[in-house]
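Colleague: Before anything else, here's the structure in question.
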Amino acid sequence: MTRTSPSRRSLLSLALGSALLATASFPVWAQGMVSIKGSTVNMRSGPSTQNQILWELKRGYPLRVIRRQGSWLEVSDFENDSGWVARSLVDSTPHHVVKSRIANIRRGPGTQHAIVGKAEYGDVLRTREKRAGWVRVEHTATGTTGWIARRLLWGW
């Protein structure tokens, strides 16, 4: 076993504490997932407003961060398409998108619970809670709230 002097232990503790504080205040792009915060945001082919618009993304649409370049994020979606969005137009509000053809929205977290609504492929859902393979969501278009099996969703 290697011994560490008291002053070296203090320095190590200070460094560890600083690292923990830095991680606690990471900006949204460092979290791995972001969601669109504007009503409609352009996904671009490169990190500039001069680059071609690939498609428009609606509020809440979840994206995985690939990398950061200045004030831009390279991101990918649930279909593994990638592009660039301005960092100022995303936030850390958790959302999911439906990746199955149809997903039942249920009253509780399990197939024994009644179906209260349905969501379709590509629908954006606000994430409210997660529990053992289930996600409580709010459908952003209909306002329906309930539970969907996690395997049917992509996102946070």
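Colleague: Residues in region 100-110 that are in a strand (DSSP E or B) and of a type outside the set (V, I, T): how many? It would help to see each step written out before you state the result.
Modeller: Looking only at region 100-110, we keep the residues that are in a strand (DSSP E or B), and these are 102-106.
Of the ones still in play, those that are also of a type outside the set (V, I, T) are 103-104, 106.
Total satisfying the criteria: 3.
Colleague: Another question, if that's okay. What residue, among those in region 73-86 that are touching a Lys or Arg at 6+ places or on another chain (Cβ under 8 Å) and closer than 18 Å to W156 by Cβ, is surrounded by the fewest Cβ atoms within 10 Å (Cβ to Cβ)?
Modeller: It comes out as S76.
Colleague: May I ask you to list the residues in region 92-130 that are more than 22 Å from N80 (Cβ to Cβ) and aliphatic (A, V, I, L, M)?
Modeller: Matches in region 92-130: I105, A114, I115, V116.
Colleague: Just give me the residues in region 39-70 being open to solvent by less than 70 Å² (accessible area, probe 1.4 Å), in contact with a strand residue (DSSP E or B) (Cβ under 9 Å, 6 or more places away or on another chain) and outside any strand (DSSP E or B), in sequence order.
Modeller: Result: S45, G46, P47, S48, N51, G60, Y61.
Colleague: I would also like to ask the following. Considering only region 39-58, I want to know if a residue exists there that is farther than 30 Å from A132 by Cβ, small (G, A, S), modelled with pLDDT of 95 or more and in contact with a Lys or Arg (Cβ under 7 Å, 6 or more places away or on another chain).
Modeller: The answer is no, given that none of the residues of region 39-58 is farther than 30 Å from A132 by Cβ, small (G, A, S), modelled with pLDDT of 95 or more and in contact with a Lys or Arg (Cβ under 7 Å, 6 or more places away or on another chain).
Colleague: Now for a different question. Residue under question is V97, and the condition is that it be in contact with a Gly (Cβ under 8 Å, 6 or more places away or on another chain), of a type outside the set (F, W, Y) and in a strand (DSSP E or B); does it hold?
Modeller: yes
Colleague: If you go through region 111-148, how many residues are of a type outside the set (G, A, S), open to solvent by less than 70 Å² (accessible area, probe 1.4 Å) and in a loop (DSSP other than H, G, I, E, B)?
Modeller: Result for region 111-148: 3.
Conditions (1) closer than 27 Å to R151 by Cα; (2) of a type in the set (D, E), marked per residue:
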position	(1), (2)
Q50	no, no
Y61	yes, no
V65	yes, no
S71	no, no
F78	yes, no
D81	yes, yes
L89	no, no
P94	yes, no
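The values are calculated or read from the model by the stated rules, or taken from the named source; none is laboratory data. Keep in mind that what you see is a predicted model, and the values were worked out from it rather than measured. A quick note on method: Cβ atoms are made from the backbone with ideal geometry, for glycine too, and the neighbour counts reach across all protein chains shown. Just the protein is used for accessible areas: all its heavy atoms, side chains included, with ligands, DNA and RNA removed. Shrake-Rupley method; radii C 1.70, N 1.55, O 1.52, S 1.80 Å.
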